[in-house]
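The values are calculated or read from the model by the stated rules, or taken from the named source; none is laboratory data. Given the structure is predicted, the values throughout are model-derived calculations rather than measurements. Please note: Cβ atoms are built from the backbone with ideal geometry, for glycine as well, and neighbour counts cover all protein chains shown. Just the protein is used for accessible areas: all its heavy atoms, side chains included, with ligands, DNA and RNA removed. Shrake-Rupley method; radii C 1.70, N 1.55, O 1.52, S 1.80 Å.
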Amino acid sequence: MQEMTSRQRLLACLKRKPADRVPVSCYELCGYDRDAWYNREPSYRELMDAIREKSDCIFMSAPDYVEQTTQVIHHVYRDGTYLLDDIVWQSSAGPFTMQTKKSDGIHTVWYTQHYLKGEDDIDRFLQAELPVPQVSMEKFFKQQSELGEHGIMLLDFGDPLSDAADLMGMDNLLVFLYTEPERMERVLDKLFVRKMEIVKQVARYDIHDVMVRIYGAEYCTVPYLPPSMFPKLCTRYLTPMIDCFNRAGAITRIHSHGNIRANLDELVKTGAACIDPIEPLPDGDISLAEVKKGWGDKLILMGNIELKELENSPPARIRQLVYQAMQDAKSGGGFILMPTATPINVPLAAHTKQNFLTMLDAARKFGAY
């Protein structure tokens, strides 16, 4: 078969049509995002050049939201090697406070305080107005035009459970889901109403063949929550979100780390086309081969190469892991090889860089049809 462009290869895989090889994505390391920190960081330069040359870009983006800026006040200041942000949300039910923290050498943000710290905050939140922001897709479509045949675009959304975790923190979220289920149902319903208004705005645009990733289902996996809670906490909200995007011609994808075995049938019920990152045993609780056999005709499978392997294992093991993933999931298409996460440290470790390069070369070798 003639060599395809990355866009052609990805869409062929996602639509279960013949392709020249298995697509390989480097997840959040997007070679064509000019604003991304890793495309400006010298220690990542060689890797990003290889990613542009040898991988199939799924460009992670999001709508821009036009919020009422007077409602949220930020106070940003430095504490040693950390950048802190004290945030006040001036809601109709009174102020809520939150704090985030970012290290100079690690590109991620930690929540050190959350808006909802206890029952009183939850009850005030239930009384507060939640204005729906206006969606702007101008930047997204500019990125799509610049990407061209190098890949496909992706829109990123949290589900209500993820939004609740951001508001409360994981520990409070789990405690209240177990001890105050009716109160938490009201919280999730309130978040869902706002989320669906945003989803409907986005779905009015031309998002045909755009991938939509929805995260949050991983909060409702064992050992955090039992499978019996998944239909009420996830499926009931994911299904209408996904249906709206599907009707707009998007390609929907559910993101869930960890133990997914007991939730796979529910994930299929949502109507999603894809699932990631399918963590291998023992980090997950089901092998890629089992997922392919039981659900590979219902879901496009994405992922399976753990970041910890890329950061710590010898290159020979990375080649073997890529080979095995191809053996387990390549047959019949419907598989995109991808790391389960990407590095966030600066500078990039030389060993991690070498293993990413090894993964890219091995994916081309073992992924050919």
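Short version: ³J(HN,Hα) in whole Hz for each residue of segment 280-294, in order, from phi by Karplus 6.51 cos²θ - 1.76 cosθ + 1.60 (θ = phi - 60°), x for Gly and Pro, what are they?
For segment 280-294, the Karplus curve yields x, 4, x, 6, x, 10, 8, 7, 4, 4, 5, 5, 4, 5, x Hz.
I want the local charge near residue 40. Using Cβ-Cβ distances under 11 Å, sum +1 for each Lys or Arg and -1 for each Asp or Glu among the other residues.
-1
For segment 160-170, just list the computed ³J(HN,Hα) in residue order, Karplus coefficients 6.51, -1.76 and 1.60, θ = phi - 60°, integers in Hz, with x standing in for Gly and Pro.
x, 5, 5, 4, 5, 5, 5, 6, 10, x, 4
Choose one answer from 77, 115, 323: the residue with the largest mean-square fluctuation in a GNM of the chain with alpha-carbon springs under 10 Å.
77
About the Cα centre, and with charges only on the beta carbon of Lys, Arg (+1) and Asp, Glu (-1), how big is the dipole of the chain? Nearest 20 debye, please.
1180
Just to compare against my own numbers: the Cα pair-distance distribution for segment 266-324, 10 Å bins, whole % per bin, please.
21, 50, 24, 6
Which FRET efficiency value, to the nearest 0.05, do you get for residue 87 and residue 186 by plugging their Cβ-Cβ distance into 1/(1 + (r/R0)^6) with R0 = 25 Å?
Between residue 87 and residue 186 the formula returns 0.55.
How much net charge surrounds residue 287 when only other residues with a Cβ under 12 Å from its Cβ are counted (Lys, Arg +1; Asp, Glu -1)?
Values: positive: 261, 292, 293; negative: 279, 283, 285, 290, 328.
Counting the neighbours of residue 287, the net charge comes to -2.
For the chain, what does the relative contact order come out to in percent, with C-alpha contacts under 8 Å and a separation of six or more?
Taking the mean separation of contacting Cα pairs over the length of the chain, I get 19 percent.
Please list, in order along segment 314-328, the HN-Hα scalar couplings obtained from phi with the Karplus expression 6.51 cos²θ - 1.76 cosθ + 1.60 (θ = phi - 60°), rounded to whole Hz, x for Gly and Pro.
x, x, 4, 5, 4, 4, 5, 5, 5, 4, 5, 4, 5, 4, 6
May I ask for the Rg/Rh ratio of segment 171-307, computed from Cα atoms with Rh as the Kirkwood radius, given to two decimals?
Numbers: Rg = 15.3 Å, Rh = 15.6 Å.
We get a ratio of 0.98 for segment 171-307.
If you count only protein heavy atoms and use a 1.4 Å probe, how large is the accessible surface of residue 319, to the nearest 10 Å²?
Roll a 1.4 Å probe over it and residue 319 shows about 90 Å².
Roughly what % antiparallel, to the nearest 5, for the DSSP beta bridges in the chain?
50
Kindly express, to the nearest 10 degrees and within the range 0 to 90, the angle between helix 236-247's C-alpha long axis and the longest C-alpha principal axis of the chain.
Here the helix axis deviates by roughly 60 degrees.
Run the numbers on segment 217-368 and let me know its relative contact order in percent, using alpha-carbon pairs under 8 Å that are six or more apart.
Normalised by residue count, the contact order of segment 217-368 is 19 percent.
Mind checking the angle between helix 350-366 and the chain's longest principal axis? C-alpha axes, 0 to 90 degrees, to the nearest 10.
Rounded to the nearest ten degrees, it is 60.
At 4 °C and 1.567 mPa s, what whole-number value in µm²/s does Stokes-Einstein give for the translational diffusion of segment 229-338, with Rh from the Kirkwood sum over Cα pairs?
Once the numbers are plugged in, D ends up at 89 µm²/s.
Quick check: pseudo-label points 7 Å beyond the Cα along Cα→Cβ at residue 323 and residue 78, how many nm apart are they?
Once both label points are built, they end up 5.0 nm from each other.
Limiting things to C-alpha atoms, what are the Rg and the maximum Cα-Cα separation (Dmax) for segment 26-123, in angstroms?
That works out to 18.1, 53 Å for Rg and Dmax.
Specify the inter-centroid distance of segment 267-290 and segment 38-90, based on alpha-carbon positions, in whole Å.
When both Cα centres are located, 28 Å separates them.
What does the charge add up to near residue 251, with Lys and Arg as +1, Asp and Glu as -1, over the other residues with Cβ less than 11 Å from its Cβ? The partial results should precede the final answer.
On the way: positive: 15, 213, 253; negative: 209.
Overall, the nearby charge balance is +2.
Which listed residue (366, 115, 274) has the Cα farthest towards the positive end of the charge dipole for the chain, taking +1 on Lys and Arg C-beta and -1 on Asp and Glu C-beta about the Cα centre?
Going by the charge dipole, the pick is 366.
Which one of 34, 261, 213 has the biggest mean-square fluctuation once the chain is modelled by GNM with Cα springs under 10 Å?
Maximum fluctuation in the GNM of the chain, among the listed residues, is at 34.
When the chain is fully extended, how far beyond the present Cα-Cα distance does residue 354 get from residue 178, taking 0.36 nm per residue of separation?
Going from the current span to full extension adds 58.9 nm.
Semi-axes of the equivalent ellipsoid for segment 232-283, please: Cα gyration tensor eigenvalues, times 5, square-rooted, ordered largest first, whole Å.
21, 12, 7
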